[in-house]
């Protein structure tokens with residue numbers, strides 16, 4: 001027989017009790033909405049809260065348990081809203097506070113919980129606190145990490161730390177002090193040893209909990225505490241070390257006391273409110289510390305996201321992840337894509353092969369014990385948009401990393417093509433060679449198109465919105481960024497050989513030296529020709545293109561007219577409307593898988609049924625290239641090989657990512673496919 005789905009019949013025969021328990025988050029499927037790219041209600045080409053609310057029925061029909069909203073707070077949008085100027089207000093770009101309240105209420109009426117982002121590592125440069133710091137208000141700089149520079153005249157940065165977005169992690173202000181920004185200069189890092197910082201974020205969390213949100217995704221949850229003395233790292237290419245080696249600015253033990261305090265705050269509210277850590281740690285054991293019983297509820301498992309299309313690597317990551325979280329009594333959280341990485345259709349090779357692998361990987365993820373996160377559009381099988389024109393890109397790392405650079409040969413020879421090294425995130429497949437010169441920092445983007453390019457002499461702001469002094473205090477000092485060091489170009493990854501995401505705070509295939517002398521001092525003084533330390537590749541916009549809902553041409557129902565990033569013409573066939581009702585579509589595969597996950601007692605949290613393995617699953621022998629495991633009343637097979645594989649049928653097929661042939665005794669698994677079985 002050929003079989004793809006019997007989910008509807010099974011849904012009436014089973015009931016998964018774990019979804020009704022108080023610990024809803026242990027096996028929840030949570031859908032990430034990148035607000036500006038989900039749905040536009042007012043015709044400005046940018047998604048908003050009313051647009052999200054109008055599309056909540058799609059999420060309810062899809063079968064997810066909760067929605068996670070990316071930042072919608074007041075922000076100059078230097079980094080897509082992750083530069084917050086007011087944590088208690090909605091940016092007019094996305095609506096107002098009433099819209100947020102109505103969205104939460106509408107989601108709850110549909111049985112969906114709502115998680116919102118909180119950004120505690122840094123604020124916007126336009127936050128009142130930072131404006132006060134630049135204006136010289138007494139004590140204001142103590143909330144941030146201002147330091148005197150090194151050298152006789154303080155003209156060198158306080159240490160050798162590099163920004164995740166490229167270049168030094170320090171910017172100098174007019175009076176000679178420097179401030180730390182692990183990301184863009186427009187995102188100054190807070191000093192979490194200051195009691196006002198702690199008190200402020202307690203208040204912010206309570207504000208949104210009182211409005212009714214069900215939890216928080218904590219941005220850079222591993223970064224709020226820095227090592228005492230801010231010691232040098234002693235080497236460049238620091239972004240390649242994130243998540244692989246200990247670093248003085250990430251995963252310090254002090255962050256755990258912050259998360260314990262937040263857990264106590266969350267537990268003081270009714271309704272199982274949760275905290276989710278976006279945390280990079282050097283090992284599964286270190287990551288598990290964030291989800292101990294008195295800390296956060298979940299932590300993203302980026303090792304699974306980074307895993308190549310290789311059964312041995314997948315099994316290792318699954319085993320080590322489950323072992324680490326089981327040891328602290330927490331569920332594992334699985335994710336394949338998000339707003340900071342290459343969409344997994346493209347990571348797995350693109351085209352028909354990439355889509356087949358992506359469908360299979362999604363089914364594997366949804367069959368594992370624990371919770372799963374979906375990124376908007378993955379249920380449609382959307383690929384990365386690799387050919388966006390440079391003028392449309394909004395990623396701050398794209399602007400920061402593409403000033404005119406010293407030729408590579410002037411430093412070190414570039415490595416030749418080859419596979420990405422373990423733990424290093426490679427360039428995005430299909431991206432054009434980055435330009436060697438950027439548009440003039442004084443050129444202006446089209447109105448409403450997003451943040452302006454970051455100029456060499458400090459953070460760019462929207463007209464009249466910069467970090468000015470309070471009235472009567474005089475003009476604010478102008479920040480000045482130090483010149484940056486540049487290293488060899490990144491190694492090229494073989495297309496389709498494995499996962500090649502580029503993460504917000506994760507490892508990056510880059511090289512480079514530390515900051516150089518202050519701008520204007522020496523040969524490297526010209527900010528448009530100075531060498532620089534590479535950070536992210538700046539190409540995250542390719543996974544942020546607004547998703548298609550219906551119609552034959554852009555904007556495919558995203559909004560009344562246009563979209564802030566251009567949508568490909570071939571997306572007409574990938575829209576929600578085009579795929580609805582097609583039993584072979586990726587959308588209907590996701591709907592069926594989520595229905596079965598909710599219906600079958602062996603899926604979801606490990607507690608769903610008895611098993612000799614406390615994690616609720618057990619590996620069985622299987623042919624080379626095939627993974628086979630069981631959970632109570634359930635089996636999953638994954639064929640990673642490019643050709644079909646025959647083996648004894650482990651049960652009755654209930655769902656497959658590709659047509660599977662079985663006579664009841666043996667099964668012929670299609671290439672690059674996953675099949676679920678009941679027994």
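Hey, can you rank 213-223, 547-557, 160-170 by average C-beta count inside 10 Å, highest first?
160-170, 213-223, 547-557
Considering all projection directions equally, how large on average is the shadow of the alpha-carbon convex hull of segment 126-206, in square nanometres?
The orientation-averaged projected area of the Cα hull of segment 126-206 comes to 5.9 nm².
Looking only at segment 244-260, which residues have a backbone nitrogen under 14 Å from a spot 7 Å from the Cα of residue 202 in the C-beta direction?
Within reach of a label on residue 202, which here means backbone N under 14 Å from a point 7 Å along Cα→Cβ, segment 244-260 contributes 258-260.
Summarise the long-distance tail of P(r) for segment 237-354 by giving the % of C-alpha pairs beyond 22 Å.
So the pairs more than 22 Å apart make up 41 percent of the total in segment 237-354.
Where the Cα atoms of segment 543-592 are projected onto their three principal axes, how long is each span, largest first, in whole Å?
32, 21, 17
Taking 0.36 nm per residue of separation and subtracting the Cα-Cα distance, what length does fully extending residue 270 through residue 661 add?
Here the segment from residue 270 to residue 661 would lengthen by 135.8 nm.
Translational D (Stokes-Einstein, µm²/s) of segment 597-678 at 37 °C and 0.692 mPa s when Rh comes from the Kirkwood sum over C-alpha pairs?
D = 253 µm²/s.
Which FRET efficiency value, to the nearest 0.05, is calculated for residue 620 and residue 668 with the Förster distance at 22 angstrom and r the Cβ-Cβ distance?
Given R0 = 22 Å and the Cβ-Cβ separation, E is 0.75.
For segment 173-332, state the average projected area of the convex hull of the C-alpha atoms over all orientations, rounded to one decimal in nm².
One quarter of the hull surface, i.e. the mean projection, equals 11.8 nm².
In bins 5 Å wide, starting from 0, what share of all Cα pairs of segment 30-171 does each bin hold, as a percent?
Once binned at 5 Å, the Cα pair distances of segment 30-171 give 2, 9, 15, 17, 15, 11, 9, 8, 6, 4, 2, 1, 0.
Values in this text are rule-based calculations from the coordinates and carry no lab data. Note that the structure is a prediction, hence the values are computed from the model and not measured. Methodologically, a virtual Cβ is constructed for each residue, glycine included, from the backbone with ideal geometry; neighbour enumeration extends over all protein chains shown.
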